[in-house]
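Scroll down for the structure; my scribbles are underneath it.
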Amino acid sequence: MSTAGPHQGAKAPSGGRTLHAVSGRGGQVSRVLDTNIVLDLWVFDDPASNALRDALDSADTRWLATAAMREELARVLDYPHIARRLNARGQSMHAVLALFDRHAQLQPEAPKAPYTCKDADDQKFIDLAVQHGAALHSKDAQVLCMKNRLARCGVALNPAVPLTELETTA
């Protein structure tokens, strides 16, 4: 097992980078969650999000976010169809934002990553994941098509939760 940090990943035999899922902070996994994943967690209660929700509640996961990500979430929570969903469930936008504030560790805006996403709204998630060598969780097609490019930057896209072993790209 390599002891290199996220940005000093050892080269895999195939020439790809070793993706470091475990950060240097007490074995915590650093993760960046895009807005749709956050909605799955706390608006839609998607059963596929249960493991991620449990990981956020444990000390095993460090969710990295920026103020711009929180602002985007607030804007999306105000969309009429999302607001109706929250109302039907007896939830409020403020309750979801309180969950964000409780779990997310705010970081400064990240510098631009070496690769550009076709969806400019998703670039901030990519930039932050690349800067921190964090796992990135997204369902956005424009992000998913970047899996190999992100791997070259040391970012695991949608890794299994919980993630306790190093994950290596081909």
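Laboratory data are not the source of any read-out in this text; all were calculated from the coordinates shown. These numbers come from a predicted model, not from an experiment. Cβ: placed from backbone, ideal geometry, glycine included. Neighbour counts: every protein chain shown.
On the given criteria, is A98 closer than 17 Å to A67 by Cα, exposed (fewer than 14 other Cβ atoms within 10 Å of the Cβ) and without any contact (Cβ under 8 Å) to a residue 24 or more places away in the chain? Here the answer is yes, as A98 does meet what is asked. List the pairs whose first member sits in segment 57-86 and is surrounded by 11 or more Cβ atoms within 10 Å (Cβ to Cβ), whose second member is of a type in the set (D, E, K, R), and whose Cβ atoms are under 6 Å apart, counting only residues at least 6 apart or on separate chains? Here the result reads T61/R31; W63/R31; T66/E109; A68/K124, each pair linking segment 57-86 to a residue that is of a type in the set (D, E, K, R).
Within segment 101-121, count every residue that is under 14 Å from V38 (Cα atoms) and buried (at least 17 other Cβ atoms within 10 Å of the Cβ). The total comes to 2.
Can you list the helices (runs of 4 or more DSSP H) lying wholly within segment 29-86 that have 2 or more residues being among the small types (G, A, S)?
Numbers: elements: 35-42, 50-57, 67-77.
Here the list reads 50-57, 67-77.
For segment 120-154, name all the residues that are more than 19 Å from Q107 (Cβ to Cβ) and part of a helix (DSSP H, G or I).
Residues of segment 120-154 more than 19 Å from Q107 (Cβ to Cβ): 120, 139-142, 144-149, 151-152.
Of everything in segment 120-154, those that are more than 19 Å from Q107 (Cβ to Cβ) and part of a helix (DSSP H, G or I) turn out to be A120, A141, Q142, L144, K147, N148, R149, A151, R152.
If you go through segment 127-159 and keep only what is within 17 Å of N36 (Cα to Cα) and touching a residue at least 40 places away in the same chain (Cβ under 8 Å), you end up with L128, A129, A135, L136, H137, S138, K139, D140, V143, P159. Of the residues R89, R152, R84, R102, which single one is over 15 Å from the mean Cα position of the chain (by Cα), over 19 Å from L41 (Cβ atoms) and of a type in the set (D, E, K, R)? The match here is R152.
Looking only at segment 143-158, filter to residues that are small (G, A, S) and touching a helix residue (DSSP H, G or I) at 6+ places or on another chain (Cβ under 9 Å); which one of those is surrounded by the most Cβ atoms within 10 Å (Cβ to Cβ)?
Here the answer is A156.
In a residue-by-residue description of segment 95-108, the property of being among the small types (G, A, S) and part of a loop (DSSP other than H, G, I, E, B) applies to no position.
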